[in-house]
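To keep things clear, I will list the structure first and then write my remarks on it.
The values are calculated or read from the model by the stated rules, or taken from the named source; none is laboratory data. Predicted model only: the values in this text are computed from it and were never measured. Because the Cβ atoms are built from the backbone with ideal geometry, glycine has one as well, and the counts that use them run over all protein chains shown. Side chains are part of the model used for accessible areas, which takes the heavy atoms of the whole protein and leaves out ligands, DNA and RNA. Shrake-Rupley method; radii C 1.70, N 1.55, O 1.52, S 1.80 Å.
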Protein chains: 2
Amino acid sequence: MQRMTRQRSAVTELLADVEDFRSAQQLHELLRGQGNGIGLATVYRTLQSLADGGEVDVLRTGDGEALYRRCERREHHHHLVCRRCGATVEIDGPTVETWAAQVGAAHGFTEIEHTIELTGTCARCAAEGP
Amino acid sequence: MQRMTRQRSAVTELLADVEDFRSAQQLHELLRGQGNGIGLATVYRTLQSLADGGEVDVLRTGDGEALYRRCERREHHHHLVCRRCGATVEIDGPTVETWAAQVGAAHGFTEIEHTIELTGTCARCAAEGP
DNA sequence: CCAGCGTTTGACAACGGTTATCACGACTCC
DNA sequence: GGAGTCGTGATAACCGTTGTCAAACGCTGG
Ligand SMILES: [Zn+2]
Ligand SMILES: [Zn+2]
Ligand SMILES: [Zn+2]
Ligand SMILES: [Zn+2]
């Protein structure tokens, strides 16, 4: 059903190399830069399809832009992202998982979902100073 | 520094009445509907200034739209929002506050911030069925 | 290997929420 | 009341994202 085209594999290979969360437009720029001509719309479509399949994680910046990242673990997890350089650590939070479920149930809510993202300044960036 | 104009008080009064998170455009519609003529740009500006002053909370929907709400408590807190009707409960989470700080520190990150939002179906909506 | 056909692509236009512009009006202070 | 300041609002611009649709492509069965 899903065909493997030159463009689709270019995107997945690029995502395998990139460590941090990147926007669709950044990824498009990178692909163009490395000679892999590809349409912007195709990048968006591919990322969306990968996200739907759970192959990449999506998170939204404060101003609504979507960032994508190919994470190590496919199971549910959260992120600790450096606000300066974008370095990302995948977080496993059993504590908050149960907390979220309990709080939701305590107020009579069902089918609880949660969004939990951590932002900070990583050690390397903190060392550099302002 | 901040003047109290007819438009600004109209927005704050409306926010005092509205229980749930609403978008800037919804609030603009409501103001227009109740005869309070006001420009859309002014609604955006006012909401932004209120948000900067910590008088309203902002949260982003999955597709990047900003929603605003005048919350009871001005201190830091989180939200449990019904995905059907928008009913909102303010959540106090000492557990997750310390968890977030610890996890951040454990990875050498400083100045940790966190985004934590809970979504579910409230008891009333669950009773109504699909 | 090739024809046929459904899928994917990509340039471009359109969309939707938000922000910038800037002339105008309203308020303040003297 | 006049100068200076700040807020307003219609409109245009912005920017990330999605829709359009003809052409290109990848797969498969023959
Ligand atoms: Zn992840
Ligand atoms: Zn979780
Ligand atoms: Zn709140
Ligand atoms: Zn918190």
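Some notes on this structure:
- Tabulated pairs, the range A:37-58, first touching a residue at least 24 places away in the same chain (Cβ under 8 Å) and more than 23 Å from B:Arg60 (Cα to Cα), second among the small types (Gly, Ala, Ser) and more than 16 Å from ligand 1 (Cβ to nearest atom), C-beta under 8 angstrom, 6+ apart or interchain: A:Ile38/A:Ala10; A:Val43/A:Ala24
- Residue selected from the range A:62-74 under the condition more than 17 Å from A:Leu31 (Cα to Cα) and open to solvent by 30 Å² or more (accessible area, probe 1.4 Å), by the criterion modelled with the highest pLDDT: A:Glu65
- Some residue of the range B:91-106 being more than 12 Å from chain A (Cβ to nearest Cβ) and assigned to a strand (DSSP E or B): no
Matching residues to (1) farther than 25 Å from B:Gly120 by Cβ; (2) assigned by TED's automatic domain parsing to the domain that holds A:Ala126:
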| residue | (1), (2) |
| --- | --- |
| A:Thr5 | yes, no |
| A:Ala16 | yes, no |
| A:Leu31 | yes, no |
| A:Ile38 | yes, no |
| A:Leu50 | yes, no |
| A:Gly64 | no, no |
| A:Gly86 | yes, yes |
| A:Gly104 | no, yes |
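- Pair list, Cβ < 8 Å and 6+ apart or interchain, from the range B:1-19 residues that are at pLDDT below 95 to residues that are acidic (Asp, Glu) and part of a helix (DSSP H, G or I): none
- Count - residues of the range B:18-31 that are touching a Leu at 6+ places or on another chain (Cβ under 9 Å) and either open to solvent by 50 Å² or more (accessible area, probe 1.4 Å) or not in a loop (DSSP other than H, G, I, E, B) (or both): 9
- Which listed residue is more than 16 Å from DNA strand C (Cβ to nearest atom) and either open to solvent by 30 Å² or more (accessible area, probe 1.4 Å) or within 8 Å of chain B (Cβ to nearest Cβ) (or both), from A:Thr121, A:Thr42, A:Thr88: A:Thr121
- Identity of the residue in the range A:59-78, of a type outside the set (Ser, Thr, Tyr), away from ligand 4 (no atom under 16 Å from the Cβ) and in a strand (DSSP E or B), that ends up farthest from the other protein chains (Cβ to nearest Cβ): A:Arg69
- Selected residue (only one of B:Arg73, B:Arg32 is farther than 21 Å from A:Gly64 by Cβ and more than 16 Å from the chain's Cα centre (by Cα)): B:Arg32
- Single unsatisfied condition, B:Asp52 versus (1) open to solvent by 70 Å² or more (accessible area, probe 1.4 Å); (2) more than 25 Å from A:Leu67 (Cα to Cα); (3) not hydroxyl-bearing (Ser, Thr, Tyr): (2)
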